[in-house]
Amino acid sequence: MASLKDKYAIVGVGHSALGKVPELSDYGLQVTAVKAALDDAGLKKTDVDAVITHSHLLGAVRVHHQNLSERLGIDTAFGVSLSAGGATSCLMVQVAAAAIEAGFCKTVLCVHGDKGATRKTVTRGEGGGEFGPEYGLFGAAGAHAFGLTRHMHEYGTTHDHMGAIAVACRKHAQLNPVAAMQADMTLEDYHNSRWIVWPFHLFDCCLRSDGAAAVIVTSAERAKDMKQKPVYVMGMGQTNNSRGYIWGDHMTELGAKESGAQAFAMAGLKPKDIDTAQIYDCFTYILMATLEDYGFCKKGEGGPFVSGGRIELGGELPTNTSGGMLSECYIEGMLQIVEGVRQLRGECGARQVKDAETAIISGNGGNAVCHSTLILRN
Amino acid sequence: MSDYAKPVPTPSEDSRIYWEATKNHRMMLQRCRACGAFRFPPGEVCPECTSEDYEWTPVSGKGRVFSFVIYHRAYQRGFADELPYVVAVIELEEGPRMLSNVTGCKPEEVRCDMPVEVVYDDITDEVTLPKFRPA
Ligand SMILES: [Zn+2]
């Protein structure tokens, strides 16, 4: 594969109102996020010639890139709706770079947003299907929790370790005015939060949110003359553990391992070169396993690694500095990219990582079988 | 049996024979005639070697708990009377893993790698679920 290192850049980021936004529709959230990203980039809608969206919206799989483009009033040279669950976020940026590289388009809008907090949810477990619901396995939490149980068994990982992640994200959220969760959380509060499905407490699980975010990608060449200081894509990786989460070692060794290795190889960096990590934290456990698989510590040592303030601001690897999906807002990984870009532009105020020059971003989806990675620099 | 309130599996073209076997309190899986691998869930080609040549073969019904979770809330009304209940990934002696429940012990007694054996739960007149108990 030809290296795309530093050939593409993120030149604009934006998001809608976050949290509970009953007054806006799903597309209403998305178009306000697009407007914010265009303003951030100093671009007009006519400067964009491609739209990539997530194919999931209100549970329906449709041509959302077309529906969104209609609402924005733009024709595009390239458009696609992707489906890799939570890995779609970083994957959109990768597909954008590949599409520009292929000559399909020049400037790409990547958008996702949904109404996780205020939409009507479908009743779970009522329909057909087999090999899961009949045994009472419901929701993403149950499936992901298998991984933590096995990790605890193999490596002695504890709830104190998971609590350290939840507390770190909450402390960061308190420095982020738009984060949903502003109340103090102690390790004791974590332990006292109810079981969603053992071994996951409530505070192991991400939020349900309304919100949308948009990211604009173009060539490094074009990015030079734009309003914002470009944030360059140094490394990209993607892996799908498609034989399934319960197969082999996949529940304790995520697609993150190979995806991260690809991204580090393209970037020519090692984990010690990374200044901040914005990791897909659908569940505390997935954040910890991703850091292991990326090589920030050895497999099995993630529990001690995330403890003692190491992943907090001021620590060795400030992680999810916006509060993440655990305490800021859940837009399936989109805000991880937004926060990474803002950190590298030095826009994060009280939660700014001093002199941040590099960031690693992860996306993780399909019940932990799809993984995507970006390494960014300023 | 019509008052059974939990989801009832809907057999597919691929899984019909599997569910017919459990109905008769037997566990049968597809075994590849080309490479010998057992597979689950059922499918038309072997995921190891892509051979389409297979035979439905009885398996031991013995295995171990690879991992498990414990539900403390009923996300579907039918499970309300069973709380807390265990959903486990069972690794069969023959290799494949499958989701099931662990019964016959308290949830807090379940451990990873614990040996288990199959038991059959006739949930309706037509459908029987294989579950597992400590062996
Ligand atoms: Zn075979």
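The values are calculated or read from the model by the stated rules, or taken from the named source; none is laboratory data. All values derive from a computational prediction rather than experimental measurement. Cβ atoms come from the backbone with ideal geometry, glycine included; neighbour counts cover every protein chain shown. Each accessible area value is taken on the protein alone, full model and side chains, heavy atoms only, with ligands, DNA and RNA left out. Shrake-Rupley method; radii C 1.70, N 1.55, O 1.52, S 1.80 Å.
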Heavy-atom accessible area per residue - chain B, 1.4 Å, Å²: 48 Å²
Solvent-accessible area lost in complex, 50 Å² minimum, residues of region B:77-113 relative to chain alone, 1.4 Å: B:R97, B:L99, B:C112
Cα-Cα over 29 Å, subset of A:K106/A:K270; B:K62/B:K106; A:K298/A:K354; A:K20/B:K6: A:K106/A:K270; A:K20/B:K6
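Whenever you get a sec, compute what percent of the accessible area on region A:104-199 sits on carbon and sulfur atoms (1.4 Å probe).
Answer for region A:104-199 is 54 percent, counting heavy atoms of protein chains only.
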Ranking by accessible area, most exposed first, for A:H371, A:H250 with a 1.4 Å probe: A:H250, A:H371
Listed residues A:T186, B:T124, A:T284 arranged by accessible area, highest first, probe 1.4 Å: A:T186, B:T124, A:T284
Reachable aspartates and glutamates, given that their alpha-carbon falls under 13 Å from the alpha-carbon of A:K7 and they are not under 8 places away in the same chain: A:E101, A:E221
Helix-derived mean residue ellipticity, 222 nm - over the protein assembly as shown, DSSP H n ≥ 4, -39500 (n - 2.57), to 500: -7500 deg cm²/dmol
Contact order relative to length of region B:11-59, as percent, for alpha carbon pairs under 8 angstrom and 6 or more apart: 36 percent
Accessible solvent surface per residue of chain A, calculated while the other protein chains remain in place, 1.4 angstrom probe, Å²: 36 Å²
Summed side-chain charge close to A:A77 - residues other than A:A77 whose Cβ falls under 9 Å, Lys, Arg +1, Asp, Glu -1: -1
Scaled radius of gyration (Cα, divided by 2.2 N^0.38 Å) that region B:60-135 gives: 1.08
Efficiency of FRET between A:R194 and B:D121 - r from beta-carbon atoms, R0 51 angstrom, step 0.05: 0.95
Accessible area (Å², 1.4 Å probe, nearest 10) - A:S242: 100 Å²
Most positive-pole-ward Cα, B:C105, A:I196, A:T118, against dipole of the protein assembly as shown from beta carbon charges: A:T118
Cα convex hull volume per residue for region B:1-74 (Å³): 141 Å³
B:Y75 accessible area, 1.4 Å probe, all protein chains in place, Å² to nearest 10: 40 Å²
Chain A, relative contact order [Cα under 8 Å, separation at least 6], %: 26 percent
Heavy-atom accessible area ranking, 1.4 Å probe, most first, across A:D160, B:D3: B:D3, A:D160
Residue-averaged beta-carbon neighbours from other chains (10 angstrom radius) around A:219-229: 0
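In a shell of Cβ-Cβ distance under 12 Å around A:I311, excluding A:I311 itself, what net charge do Lys and Arg (+1) and Asp and Glu (-1) give?
That sum, taken over residues with Cβ under 12 Å, equals -1.
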Solvent-accessible surface (1.4 angstrom probe) belonging to A:M325, in square angstrom, nearest 10: 0 Å²
For the protein assembly as shown, diffusion coefficient by Stokes-Einstein and Kirkwood Rh (Cα), 20 °C, 1.002 mPa s, µm²/s: 90 µm²/s
Rg to Rh, two decimals, where chain B supplies the alpha carbon set and Rh follows Kirkwood: 0.98
